[in-house]
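Peer 1: Could you have a look at this structure, given as C-alpha cells, before my questions?
Read-outs throughout are calculated quantities, based only on the coordinates presented, and are distinct from any laboratory measurement. Note that this is a predicted model, so its numbers are computed, not measured. Cβ sites come from the backbone with ideal geometry, for glycine too, and all protein chains shown count toward neighbours.
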Amino acid sequence: MRGILLAKFTTFIRKPWVFVLFTVMSIGFTLIIGYTEGNEDKITVPVAGAEEVRTGSIGKALEENEVYHFKWQEETDLKEIVRLGEAEAGIIIEETGYEMFIRVETPNVQLIEQTIANIYTEKIRENQVLELFQSETAAEEEAILTAYHESMDQPIFEITNDNFRNADSSQFDEGLHAIFGFTLFFVIYTIGYNVLPILIEKKEGIWDRMILSPLKKWEIYLANLVYSFFEGYLQIIIIFSVFHYLVGVDFQGGFAGILLIMLAYTFTIVSLGIFVTALVKNIQQFNAVLPILSVSMAMIGGAFWPLEIVQSDILLALAKLNPLTYGMEALNNLVLYNLPFEEILMPVSILILMGVIFMGVGIHLMEKIHI
Amino acid sequence: MLELIDITKKYKQTKAVKNMNMYIEKGEIVGLLGPNGAGKSTAISILSSLLEPTSGDVKFENKSMIKNPKSLRQIVGIVPQEIALYEDLSAEENMKFFGRIYRLKGKTLKNKISEVLEQIGLTDRRKDIVKTFSGGMKRRLNIGVAMLHDPEILIMDEPTVGIDPQSRNYILQTVKRLNKDRQMTVLYTSHYMEEVEYLCDRIYIMDKGNLIASGTKDEIKQILASENTISLKADHWNERFITNLRENPQIHQMKVDGNEIVLVVSKDVNIFSKLAHLAEEANVQLRAVDVKQVTLEDVFLHLTGRALRD
C-alpha cells in the first residue's frame, strides 16, 4: 500500500496541473463573484438633487444610512437607470420633499420609501426641537441637536427595519456563499480526476498486475481512496486558508469547524467518484459524465445561489439526494447561522451515510463488472 | 503443470471461450494463436486467475485454482497487451513500484532492478521518464516489470503489437533467452504466425472462442499433409481467371494477395496442367508457379476459410 501511495505522490509532484488548475479556478471565481465591487451587501439606490441638498443634513443622513447605498446621479441618468431596471427605485431629493421613481413594486421599494420618509421625518423633528428651544446661535443649535440625538440613542423602545441583503443579517453572505459554493463545486473535479486513474489502471493492466501480486485487494482500494481523499482535502484546506489568512475573510470563529465538516464532504465525494467510475464503461464516458454531474450537483445543491430562492418542489426534492446540499447546509449552519452542534451534525451524518452507500455500491459494482 | 479443463466463459449471451482444454508443461514455450477477438486474452485471464470461468477448472500441480489462486499467483508474471506502466515515472521508479508490491526491498530490489534492466537493454535509460520512451522500449519495460519477482511462468499477451521490427526481434530473443537460461515457462499469445513459429514448442490455435487445433508446429502442419499449397504469381489477374479458379472443385482454398494467389489443393491431384490451361484461356500470363512449404497461416486458412489477420 505504501508503494502505491508513493507512486501516486511522485506522479502528483510531477503532474500537479489538474490540482493547481481547479484550486486556482475555485479561488478566482470566488474572488470575482463574491468579493468584487458591486457585490456589496447594501442595495444601491440612485438619488439626484441640488448641491445644497447633497451637502445638507438630508444628504448627510442618506450617506450614513446603513441599509442602503444612496448613490448621487444626474436626474436624467437616474431616470434611465430605473427605466432599464438596473435599480429598484430612484429618488429626486429636495429640501422640502422628494419624488420617487419606481419600475416595479417590490418589498424593497416600500422599505426604501420608508427609509426616505424617516429621514424627512427626522429632519422635521429636528426643526421642531430647534424651534421649541428658540436657539439663536449655530453653537446653541448644535448643542441642542447633540443632546436630542443622545436622548434618541437611548429610547424606551426601538423599531428597526432590515432587508434581505443587509450585512447585519445572517441569512445570506455573498462572499461566504461563493467560497463555500465554488470550493465544494471544484473539488468534485479534483477528486473525480483522481479517482479516474483506477479506471485507467484497470484498463491498462496495472490493476491486474497488482491483483496478481501479494497485495490485498483492500490495500489497493484503500491506497487509491486515501490518495484521492488527500488531494481533495488538501485543495479545500488551501482554498479556505487563502480566504481566511490572505483575503481576511471572517469565518466567525468557525475555521476549524469548516475543516472538520469538509472531512465528511471529501469522503462522500471520493465515494461518489468510485460509484461513477464503477458505472461508466470507459474514460470518454467518465469525462462526459463528470462535468454534467458536478454542474447539476452545484446548481441543485445551492452552490451557485441560495436554495432559499428555489421555488420548484422537484428541484428541492432532488436537492435532498445531493451531497453538495448537505455540505452547504453544514457550512451555513456553522458560519452564517451559528447554529448549535446538533444542527451541524445532522447534515454531516447524512453526508457520511451517503459516502458509505456510494462506496459500498461502487466497489461492489467495480468488482462485479470486469472493465 | 498448468491446465485449463473444459473452460467456458460467457459474457451475457456471448461465449468468449467455449469448452477450452489446454496444458502447459514446465520449461515450455507455448503459443496461443488467433485473430483479434478469438478469445486469447480471455483465456489467459482465466489461466492467470484474473477472471473466473463460467464453467470448467484451472489446475496447477493438480490443484484447482478457481477459488484459491494464491499459489498460482506467486509464480506467474503477466505482460498485458497494454503498456501497464506509470508513464510519468522513470523506468527505475516503475521497477521499484512493481518490485515493492511483490515485497522486494532494499539491496535485493536494487540488484534485481539492475539485472532486469540489463536483460531488457534499458540500463542506460533507467532514470528517464517512461513517456519519453519509444513504443519498443515501453514494451521491453512492460516485460521487465513482469520478471522482477522471478516468476516461473511468464504469460505474454501480444507483447509485440505496434512496434518496429528491431524491437520485435529484441523481444523475441529475450523470450528465447529467458526460456533457455532460466527454464522459464512462457505462454505467448499473438496473431503473428512467424513469431509463434519461431518461439514456440507447442501451439494452440483459437478462433471465435474455439480451440481449432493444437500440437507441435509439425503436428499442426500435418493437418495439411494430404494437401499442397501452390503459389501463382502474375503481373495482374483478371476476373475470369479468378472465377475459374474459384469454381474448380479440386481447389479447396484460395487466397488472392496482390500479385500472388495461394491455392490449397489435394496432393494426389495433378493440377499444374489445368492451371496452365485456365491461365491461357483467361489470357493471364503466369510468371511463377511454386509448391510452398506449409505454414501455420496455411493451416489457419484451411481450418477457418480466412486469413489470420482478416
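Peer 1: How fast does segment B:2-221 diffuse by Stokes-Einstein, in µm²/s, taking the Kirkwood radius from C-alpha pairs at 20 °C and 1.002 mPa s? Each step should come with its number before you reach the end.
Peer 2: Values: Rh = 17.8 Å.
Rounded to a whole number, D works out at 120 µm²/s.
Peer 1: If you don't mind, another one. Once R0 is set to 25 Å, what does the formula 1/(1 + (r/R0)^6) return for the Cβ-Cβ distance between residue B:290 and residue B:194, expressed as a FRET efficiency to the nearest 0.05? It would help to have the intermediate numbers written out before the result.
Peer 2: On the way: r = 19 Å, r/R0 = 0.74.
Calculated value: 0.85.
Peer 1: Among residues other than residue B:135 whose Cβ falls under 11 Å from its Cβ, what is the net charge (Lys/Arg +1, Asp/Glu -1)? Mind dumping the intermediate values first?
Peer 2: On the way: positive: B:138, B:139, B:140, B:168; negative: B:164.
With Lys, Arg at +1 and Asp, Glu at -1, the net is +3.
Peer 1: A follow-up question, please. From the phi of every residue in segment A:264-276, what ³J(HN,Hα) in whole Hz does the Karplus formula 6.51 cos²θ - 1.76 cosθ + 1.60 yield, where θ is phi - 60° and glycine or proline is x?
Peer 2: Coupling constants for segment A:264-276: 5, 5, 4, 4, 5, 6, 4, 5, 4, x, 4, 4, 5 Hz.
Peer 1: With everything on Cα atoms, drop me the angle between helix A:2-14 and the longest principal axis of chain A, reported from 0 to 90° to the nearest 10.
Peer 2: For helix A:2-14, the angle is close to 50 degrees.
Peer 1: Under 25 °C and 0.890 mPa s, how fast does chain A diffuse according to Stokes-Einstein, given a Kirkwood radius computed over C-alpha pairs? Answer in µm²/s, whole number. Can you show the working numbers first?
Peer 2: Working: Rh = 24.5 Å.
Estimated via Stokes-Einstein, D reaches 100 µm²/s.
Peer 1: Anything over 21 Å Cα to Cα? Flag those among B:221/B:267; A:203/B:9; A:203/B:59; A:216/B:96, in the order listed. Show your work: numbers first, answer last.
Peer 2: Values: B:221/B:267 14 Å; A:203/B:9 19 Å; A:203/B:59 27 Å; A:216/B:96 18 Å.
Flagged as over cut-off: A:203/B:59.
Peer 1: Residues with beta-carbon under 13 Å from that of residue A:134, excluding residue A:134: net charge, scoring Lys, Arg +1 and Asp, Glu -1?
Peer 2: Numbers: positive: none; negative: A:131, A:136, A:140, A:141.
Charge balance in the 13 Å sphere: -4.
Peer 1: Something else: Test of understanding: ordering B:57, B:235 by Cβ neighbours within 10 Å, fewest first, what list do you get? Walk me through the numbers before you get to the answer.
Peer 2: Working: B:57 13, B:235 9.
With the sparsest Cβ surroundings first, the list reads B:235, B:57.
Peer 1: Work out how much length residue B:61 to residue B:114 would gain on full extension: take 0.36 nm times their residue separation and subtract the Cα-Cα distance, in nm to one decimal.
Peer 2: The span from residue B:61 to residue B:114 would gain 15.9 nm if fully extended.
Peer 1: Also: Can you give the average number of partner chain beta-carbon atoms within 10 Å of each beta-carbon in peptide A:235-244, as a whole number?
Peer 2: On the way: counts 0, 0, 0, 0, 0, 0, 0, 0, 0, 0.
So the per-residue partner count for this stretch is 0.
Peer 1: Here is a follow-up. Kindly state, to the nearest 0.05, the FRET efficiency for residue A:63 paired with residue A:263, given R0 = 60 Å and r defined as their beta-carbon distance. It would help to have the intermediate numbers written out before the result.
Peer 2: Working: r = 46 Å, r/R0 = 0.77.
Here the calculated transfer efficiency is 0.85.
Peer 1: Let me ask something additional. Separation of segment A:212-260 and segment B:232-310 by C-alpha centroid, Å?
Peer 2: 70 Å
Peer 1: Then there's this: Give the aspartates and glutamates reachable from residue B:127 as a straight Cα distance under 19 Å; neighbours fewer than 8 places away on the same chain don't count.
Peer 2: Correct list for residue B:127: B:87, B:88, B:92, B:93, B:115, B:118.
Peer 1: Can you compute the label reach from residue B:71? Point 7 Å from Cα along the Cβ direction, backbone N cut-off under 15 Å, restricted to segment B:1-42.
Peer 2: Within reach of a label on residue B:71: B:1-3.
Peer 1: Is it possible to state the helix-based mean residue ellipticity at 222 nm for chain B, with each DSSP H run of 4+ residues giving -39500 (n - 2.57), the sum divided by total residues, to the nearest 500 deg cm²/dmol? What is it? Present the calculation step by step, with values, prior to reporting the outcome.
Peer 2: Details: 11 runs with 109 residues, N = 310.
When only DSSP H runs of four or more count, the value is -10500 deg cm²/dmol.
Peer 1: Nearest 500 deg cm²/dmol is fine: what mean residue ellipticity at 222 nm does chain A get from its DSSP H runs of n ≥ 4 alone, each adding -39,500 (n - 2.57), divided by its residue count?
Peer 2: Numbers: 15 runs with 247 residues, N = 371.
So the helix-based figure for chain A works out to -22000 deg cm²/dmol.
Peer 1: Here is a follow-up. Tell me the label-point distance for the pair residue A:5, residue A:313, using the 7 Å Cα-to-Cβ offset, in nm and rounded to one decimal.
Peer 2: Output for this residue pair reads 5.0 nm.
Peer 1: Net charge near residue B:244: determine it from the other residues with C-beta under 12 Å of the C-beta of residue B:244, scoring Lys and Arg +1 and Asp and Glu -1.
Peer 2: Values: positive: B:240, B:246, B:274; negative: B:239, B:247, B:280, B:281.
So the surrounding residues net to -1.
Peer 1: Could you pull out which residues in segment B:52-85 have an amide N less than 18 Å from a spot 7 Å beyond the Cα of residue A:285, following the Cα-Cβ vector?
Peer 2: Taking a point 7 Å out along Cα→Cβ of residue A:285, no residue of segment B:52-85 has its backbone N under 18 Å.
Peer 1: For helix B:165-182, what angle does its Cα long axis make with the longest principal axis of chain B, in degrees from 0 to 90 and rounded to 10?
Peer 2: Helix B:165-182 sits roughly 60 degrees off the main axis of chain B.
Peer 1: Taking the Cα centroid of segment A:294-370 and of segment A:82-98, what is the distance between the two, rounded to the nearest whole Å?
Peer 2: That distance is 43 Å.
Peer 1: Kindly rank B:77-87, A:300-310 from highest to lowest mean number of other beta carbons found within 10 Å of each residue.
Peer 2: Numbers: B:77-87: 22.0, A:300-310: 17.9.
Highest to lowest by the protection proxy: B:77-87, A:300-310.
Peer 1: If you don't mind, there's one more thing I want to ask. Choose one answer from B:146, B:279, B:38: the residue with the largest mean-square fluctuation in a GNM of chain B with alpha-carbon springs under 10 Å.
Peer 2: Judging by the Gaussian network model, the answer is B:279.
Peer 1: Taking every residue in A:192-204, how many Cβ atoms of other protein chains lie within 10 Å of its Cβ, on average?
Peer 2: Numbers: counts 0, 0, 0, 0, 0, 1, 0, 0, 1, 2, 0, 3, 8.
Taking all residues of A:192-204 together, the mean is 1.
Peer 1: Quick check for you: which residues of segment B:139-157 have the amide N under 19 Å from the point 7 Å beyond the Cα of residue B:180 toward its beta carbon?
Peer 2: Flagged as within label range: B:154.
Peer 1: Between B:295, B:123, B:243, find the one with the highest GNM mean-square fluctuation for chain B; connect C-alpha pairs within less than 10 Å.
Peer 2: B:243
Peer 1: Now for a separate question. Calculate the tail of P(r) for the protein assembly as shown: the fraction of all Cα-Cα distances greater than 46 Å, expressed in %.
Peer 2: On the way: 109540 of 231540 pairs.
Roughly 47 percent, rounded to a whole number.
Peer 1: Let me ask something additional. Could you give the length gained by full extension between residue A:305 and residue A:203, i.e. 0.36 nm per residue of separation minus their alpha carbon distance, to one decimal place? Spell out each step's value before the answer.
Peer 2: On the way: separation 102, 0.36 × 102 = 36.72 nm, distance 3.91 nm.
Extra length from residue A:305 to residue A:203 when fully extended: 32.8 nm.
Peer 1: Counting only Cα atoms, I'd like the Rg/Rh figure for segment A:255-365, Kirkwood definition for Rh. Walk me through the numbers before you get to the answer.
Peer 2: Working: Rg = 14.6 Å, Rh = 14.7 Å.
Looking at segment A:255-365, the ratio lands at 1.00.
Peer 1: Shielding of A:210-218 by partners, i.e. mean partner chain Cβ atoms within 10 Å per residue? Don't skip to the answer; put the middle values down first.
Peer 2: Numbers: counts 4, 6, 16, 9, 7, 4, 0, 0, 0.
Average neighbour count from other chains, rounded to a whole number: 5.
Peer 1: Once R0 is set to 25 Å, what does the formula 1/(1 + (r/R0)^6) return for the Cβ-Cβ distance between residue A:96 and residue A:129, expressed as a FRET efficiency to the nearest 0.05? Before the final figure, lay out each step's value.
Peer 2: Numbers: r = 18 Å, r/R0 = 0.73.
Efficiency for this residue pair is about 0.85.
Peer 1: So what J values fall out for segment B:231-239 if you push phi through Karplus, 6.51 cos²θ - 1.76 cosθ + 1.60 with θ = phi - 60°, rounded to Hz, Gly and Pro as x?
Peer 2: These are the phi-based 3J(HN,Hα) values: 10, 10, 10, 8, 5, 7, 10, 10, 4 Hz.
Peer 1: Send over the semi-axes of segment B:94-251's equivalent ellipsoid, whole angstrom and largest first, taken as the square roots of 5 times the C-alpha gyration tensor eigenvalues.
Peer 2: Working: eigenvalues 359, 74, 31 Å².
Semi-axis lengths for segment B:94-251 are 42, 19, 12 Å.
Peer 1: Take the alpha-carbon centre of segment B:121-169, take the same for segment B:1-57, and report the distance between them in whole Å.
Peer 2: That distance is 24 Å.
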